[in-house]
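**Q** Let me give you the structure first, and then I'll get to my questions.
The values are calculated or read from the model by the stated rules, or taken from the named source; none is laboratory data. No experiment lies behind these values; they were computed from the predicted model shown. Heads up, the Cβs are rebuilt from the backbone with ideal geometry, glycines too, and the neighbour counts pull from every protein chain shown.
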Amino acid sequence: MVKSMGLETENKEIENNLREIARGLLKEKKVDVIIGYMEGTLPLLSQPIIIDSEEDVEKLIWNNLCYVNLAKYLVPRVPKFVNPEKGNLTVGVISKGCVGRGLIHLASENKINLDEIKIIGIPCNGVVNRQRIEMEIGEKEILEVSVFGDNIIVKGKDFEREFPYDEYMNDLCKTCKIRKPPLVSKSLDLCVGECEEYSNIVDDFSDISEFEALTPEEKWNQITEELSVCTRCYACREACPMCYCNLCFVDQNKPVWFGKTTDLPDVFVYHLIRAMHMAGRCVACGACSLVCPMGIDLNKINRKLEKIVKERFDFTSGLDPDVLPPMVDFKLEDAQEFALEED
Amino acid sequence: MTEPSVETKQSKNKEWEPKIIAFLCNWCSYAGADLAGVSRIQDPPNIRIVRVPCSGRINAYFIIKSLTDGWDGVLVSGCHPGDCHYISGNLVARRRFAILKELLEFFGIEPGRVNFMWASAAEGMRFAVLVRKATEIVKKLGQNKKFEKKW
Ligand code: SF4
Ligand code: SF4
Ligand code: SF4
Ligand code: FES
């Protein structure tokens, strides 16, 4: 991220570039549809848009509120992009780093076919932690949000506040090392726009070390306090590109073996098992936390997952579609330091 | 290796004893528990056994539900890695357990609440020793009150 340019100009440039690419792709019929972001209906939001004609290209935007992971729209739970005559459509996806990772990881799980996709890579400079801003503004209504230089300016009826972007960036974006979609060496024409090759990503996970050093009691208190407000709306699940199960475990009710209430044990079970399902699959997009209506921060849990799979299996999700994800693989010599042994 | 003694017997003193649910693989550990029994090796009476076809059958939810239902401890035992009746069931399960163990800790559950072990059908003694060890760990932690309903 080139700091001196200022967020605003940088975003404008990215936006112009991506429109240019999108227009080209549609004109040359390299893709049938393009999924991207458009202006949201509320100031702190953006929303996904699917376009199939050149006129609509102007609707595509890029700014620091584009936090939905668009890879979600390509997985089976939502209707596939099919044309009765032409068969499967080719889809261009406006991809920041984590969207690209999401697509590549989904390909490694055989959920999407990369031949039917074009990754329109853009260099991401992070997204705003919308909940934090909303929390600080409180009850007042936000009418306008803009970026000026490196600051986020939030305006309402009788107030105007400035937030330094660096600080009010989503937590996962602060630690993100994969800002452009990864390049897939086997299919180089997959990526149009900016992609990058990654090898040996170094991450010290120092952001969660403070939490990890707490005693079990302290961790329990912090985690349960955070989760206690969860209403089990499952917005976090619906936003996650990896949650494509036809029947999520919490919806299995023959027999009813998962508690449906919002009591702590049931909420705890939901979040712990959801985390289990994300191990080695989460692509650190932060969409789950950013859509939570209760402002619950799931980033810490996701970072821990990243750390576990990195340390145990030396795996980073979404880099190579040909590498088996760790949870469907095994080795005889996997570490088992946790198993009880005789003294 | 010392032979476990009988001191955990509940009748002797009225001390609190943990209740531990044990998921044992049918082909090794369950048979190992059986062997411990027929060989009259004394092991703590704290475990209640659930027989599963393979450690690979154990869904993380079994373990978490045991905790939310109030069991003081959970013990999981399968065949030694490489010896699974279904060849790789326990190898897949081992990765799952590794992640579950770390996640439970991250969520603030005491590390000793959930224990994993391997024991073959021929290892009655090992089974007894490890069960005893697990029981002691859980006993030290005390009752599992985290998920008690408040009302
Ligand atoms: S768990 Fe959250 S951060 Fe991870 S891929 Fe899903 S939505 Fe993104
Ligand atoms: S939480 Fe688990 S079961 Fe539910 S949709 Fe996500 S991955 Fe599937
Ligand atoms: S989005 Fe928030 S409130 Fe809804 S289920 Fe997820 S964590 Fe709970
Ligand atoms: S059969 Fe014992 S662990 Fe698979």
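Yes/no per residue for (1) touching a Ser or Thr at 6+ places or on another chain (Cβ under 8 Å); (2) under 23 Å from A:CYS124 (Cα atoms):
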site	(1), (2)
A:TYR234	no, no
A:LEU264	yes, no
A:ALA275	no, no
A:VAL283	yes, yes
A:PHE313	no, no
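**Q** Tell me which residues, restricted to the stretch A:215-238, are of a type outside the set (Lys, Arg) and on the phi > 0 side of the Ramachandran plot. Don't jump to the end; show me each part of the working.
**A** Within the stretch A:215-238, the first condition is being of a type outside the set (Lys, Arg), and the residues that meet it are A:215-218, A:220-231, A:233-236, A:238.
Across the stretch A:215-238, the qualifying residue is only A:TYR234.
**Q** Can I ask one more? Taking the conditions exactly as written (modelled with pLDDT under 90 and closer than 17 Å to A:GLU306 by Cβ), does A:ILE178 satisfy them or not? Before you say what the answer is, go through the steps one by one.
**A** Details: modelled with pLDDT under 90: no; closer than 17 Å to A:GLU306 by Cβ: yes.
Taking the combined requirement at face value, the residue does not satisfy it.
**Q** Right, something else. Give A:VAL127, A:VAL147, A:VAL99 a once-over and let me know the one that is within 29 Å of A:LEU26 (Cβ to Cβ) and at pLDDT below 90. So that I can check it myself, show each step before the final result.
**A** Working: A:VAL127 fails: at pLDDT below 90; A:VAL99 fails: at pLDDT below 90.
Step by step, each of A:VAL127, A:VAL147, A:VAL99 is checked, and only A:VAL147 is within 29 Å of A:LEU26 (Cβ to Cβ) and at pLDDT below 90.
**Q** State whether one or more residues within the stretch B:62-79 are farther than 20 Å from B:GLY142 by Cα and part of a strand (DSSP E or B). Show your work before the answer.
**A** So in the stretch B:62-79, the residues farther than 20 Å from B:GLY142 by Cα come out as B:62, B:77-79.
Then keep just the ones that are part of a strand (DSSP E or B); that gives B:77-78.
There is at least one residue in the stretch B:62-79 that is farther than 20 Å from B:GLY142 by Cα and part of a strand (DSSP E or B).
**Q** Pick out the one residue from B:GLY112, B:GLY70, B:GLY56, B:GLY124 that is on the phi > 0 side of the Ramachandran plot and surrounded by fewer than 23 Cβ atoms within 10 Å (Cβ to Cβ).
**A** Values: B:GLY112 fails: on the phi > 0 side of the Ramachandran plot; B:GLY56 fails: on the phi > 0 side of the Ramachandran plot; B:GLY124 fails: on the phi > 0 side of the Ramachandran plot.
Step by step, each of B:GLY112, B:GLY70, B:GLY56, B:GLY124 is checked, and only B:GLY70 is on the phi > 0 side of the Ramachandran plot and surrounded by fewer than 23 Cβ atoms within 10 Å (Cβ to Cβ).
**Q** It is to be established whether one or more residues within the stretch A:304-323 are of a type in the set (Gly, Ala, Ser), part of a loop (DSSP other than H, G, I, E, B) and within 13 Å of chain B (Cβ to nearest Cβ).
**A** Of all residues in the stretch A:304-323, those of a type in the set (Gly, Ala, Ser) come to A:317-318.
Restricting the remaining residues to those that are part of a loop (DSSP other than H, G, I, E, B) gives A:317-318.
If we keep only those that are within 13 Å of chain B (Cβ to nearest Cβ) too, we end up with none.
Checked against the condition, which is being of a type in the set (Gly, Ala, Ser), part of a loop (DSSP other than H, G, I, E, B) and within 13 Å of chain B (Cβ to nearest Cβ), the stretch A:304-323 yields no hits at all.
**Q** Can you list the helices (runs of 4 or more DSSP H) found entirely within the stretch A:215-302 that contain at least 3 residues being within 13 Å of ligand 3 (Cβ to nearest atom) and within 12 Å of chain B (Cβ to nearest Cβ)? I'd like the intermediate steps shown before the answer.
**A** Details: elements: A:216-227, A:235-239, A:264-278, A:287-291.
Because the criterion is at least 3 residues that are within 13 Å of ligand 3 (Cβ to nearest atom) and within 12 Å of chain B (Cβ to nearest Cβ), the helices (runs of 4 or more DSSP H) in the stretch A:215-302 that meet it are A:216-227, A:264-278.
**Q** Any residue at all in the stretch A:227-249 that's touching a Phe, Trp or Tyr at 6+ places or on another chain (Cβ under 8 Å) and either without any contact (Cβ under 8 Å) to a residue 24 or more places away in the chain or small (Gly, Ala, Ser) (or both)?
**A** The initial filter retains those residues of the stretch A:227-249 that are touching a Phe, Trp or Tyr at 6+ places or on another chain (Cβ under 8 Å), namely A:227, A:230, A:232, A:248-249.
When the remaining residues are screened for being either without any contact (Cβ under 8 Å) to a residue 24 or more places away in the chain or small (Gly, Ala, Ser) (or both), the result is A:248.
Yes; the residues of the stretch A:227-249 include at least one that is touching a Phe, Trp or Tyr at 6+ places or on another chain (Cβ under 8 Å) and either without any contact (Cβ under 8 Å) to a residue 24 or more places away in the chain or small (Gly, Ala, Ser) (or both).
**Q** More than 30 Å from A:PRO181 (Cβ to Cβ) and aromatic (Phe, Trp, Tyr) - does that describe any residue in the stretch A:196-204?
**A** Within the stretch A:196-204, not a single residue is more than 30 Å from A:PRO181 (Cβ to Cβ) and aromatic (Phe, Trp, Tyr).
**Q** Among the numbered criteria (1) exposed (fewer than 15 other Cβ atoms within 10 Å of the Cβ); (2) under 19 Å from A:ASN63 (Cβ atoms); (3) modelled with pLDDT under 90, which one does A:LEU188 miss?
**A** The single condition A:LEU188 does not satisfy is (2).
**Q** Does A:ALA284 count as away from ligand 4 (no atom under 16 Å from the Cβ) and over 22 Å from B:THR68 (Cα atoms)?
**A** Numbers: away from ligand 4 (no atom under 16 Å from the Cβ): yes; over 22 Å from B:THR68 (Cα atoms): yes.
Taking the combined requirement at face value, the residue satisfies it.
**Q** Let me ask you something else. Taking the stretch A:242-259 as the region of interest, how many residues are basic (Lys, Arg) and within 9 Å of ligand 2 (Cβ to nearest atom)?
**A** First pass over the stretch A:242-259, keeping only residues basic (Lys, Arg): A:254.
Then keep just the ones that are within 9 Å of ligand 2 (Cβ to nearest atom); that gives none.
Count: 0.
**Q** In this structure, is A:LEU25 among the aliphatic types (A, V, I, L, M), at pLDDT 90 or above and farther than 23 Å from A:VAL154 by Cα? Full working, then the answer.
**A** Details: among the aliphatic types (A, V, I, L, M): yes; at pLDDT 90 or above: yes; farther than 23 Å from A:VAL154 by Cα: yes.
Against the criterion (among the aliphatic types (A, V, I, L, M), at pLDDT 90 or above and farther than 23 Å from A:VAL154 by Cα), A:LEU25 qualifies.
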